[in-house]
Amino acid sequence: MPVDDIKPTRSGLLLVRRRMALAERIHRLLSMKLDGMMLELVKLTDQTALKRRELNEKYGRAREMVAVAAMMEGATGVLLAALSVETSPTYTTGHRNAFGVRLPELEPVMVKKTLDQRGYGILGTSSVIDDAADAYEDLLEAIIASAELEGGVKQLLDDIERTRRRVNALEFRIIPELTEARRFIENQRDEMERQEWTRLRRIKKIKAKRARKF
């Protein structure tokens, strides 16, 4: 029921008061949630920045190691070693709950491999191929970890914006409207009570005059 449709009666006043209590409770809870999400965002942002620096370092090392491997084994040798891997790296998806927000969790699957799982054999290649493979596996793990954190930051930013809009709507529109409606109804009821008291007093005087005549 819109605020404008509430009648200045006792039941209308009780309805407005219940709505105000509910709106203030929701506003308080959403404000607490917003504060918690902001703290979580700061923590995730710091972790994301750190992980991005690690990612850049591991990317540089992976490029360096593959360049060494190409120099020692030739580009064809590196390509054959890469093509011999039968199981492609991937990840599984999940989520964790932080202040009611579903943050992504990514778990690497078959990213770090043993020498047997790489498929190229240890007799036909040198250790530089292993070093290059290790470096790129570390890089893939860093990419997955970075994607998880950046996805969490994006999700938090979206939920923070939605929650802030709801908090602002409650604080600057709904609660002030309910406060004004309560004040209007209370003033109307006070005026009605004054009019009723004046009417009863007039009736009492009229009855008193009639009683004196008889």
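Here are the numbers for the structure shown:
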{"quantity": "Where ILE122 falls short, out of the listed (1) among the hydrophobic types (A, V, I, L, M, F, W, C); (2) in contact with a Leu (Cβ under 6 Å, 6 or more places away or on another chain); (3) modelled with pLDDT of 95 or more", "calculated": "(3)"}
{"quantity": "Some residue of the range 184-197 being in contact (Cβ under 8 Å) with a residue 12 or more places away in the chain, among the aliphatic types (A, V, I, L, M) and touching a helix residue (DSSP H, G or I) at 6+ places or on another chain (Cβ under 6 Å)", "calculated": "yes"}
{"quantity": "Residue list for the range 71-130, filter: in contact with a Lys or Arg (Cβ under 7 Å, 6 or more places away or on another chain) and at positive phi", "calculated": "PHE99, GLY100"}
{"quantity": "Test: residue in the range 78-91 that is surrounded by fewer than 16 Cβ atoms within 10 Å (Cβ to Cβ) and closer than 26 Å to LEU156 by Cβ", "calculated": "yes"}
{"quantity": "Single condition LEU13 does not satisfy, out of (1) surrounded by fewer than 18 Cβ atoms within 10 Å (Cβ to Cβ); (2) over 31 Å from the mean Cα position of the chain (by Cα); (3) closer than 30 Å to PRO176 by Cα", "calculated": "(1)"}
{"quantity": "Near pairs, Cβ below 8 angstrom, 6+ apart or cross-chain, from the range 11-27 (assigned to a helix (DSSP H, G or I)) to any residue that is acidic (Asp, Glu) and modelled with pLDDT of 90 or more", "calculated": "HIS27/GLU171"}
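The values are calculated or read from the model by the stated rules, or taken from the named source; none is laboratory data. Here the structure is a predicted model, which means the values were calculated and not measured. FYI the Cβ positions are ideal-geometry reconstructions off the backbone, even for glycines, and counts take in every protein chain you see.
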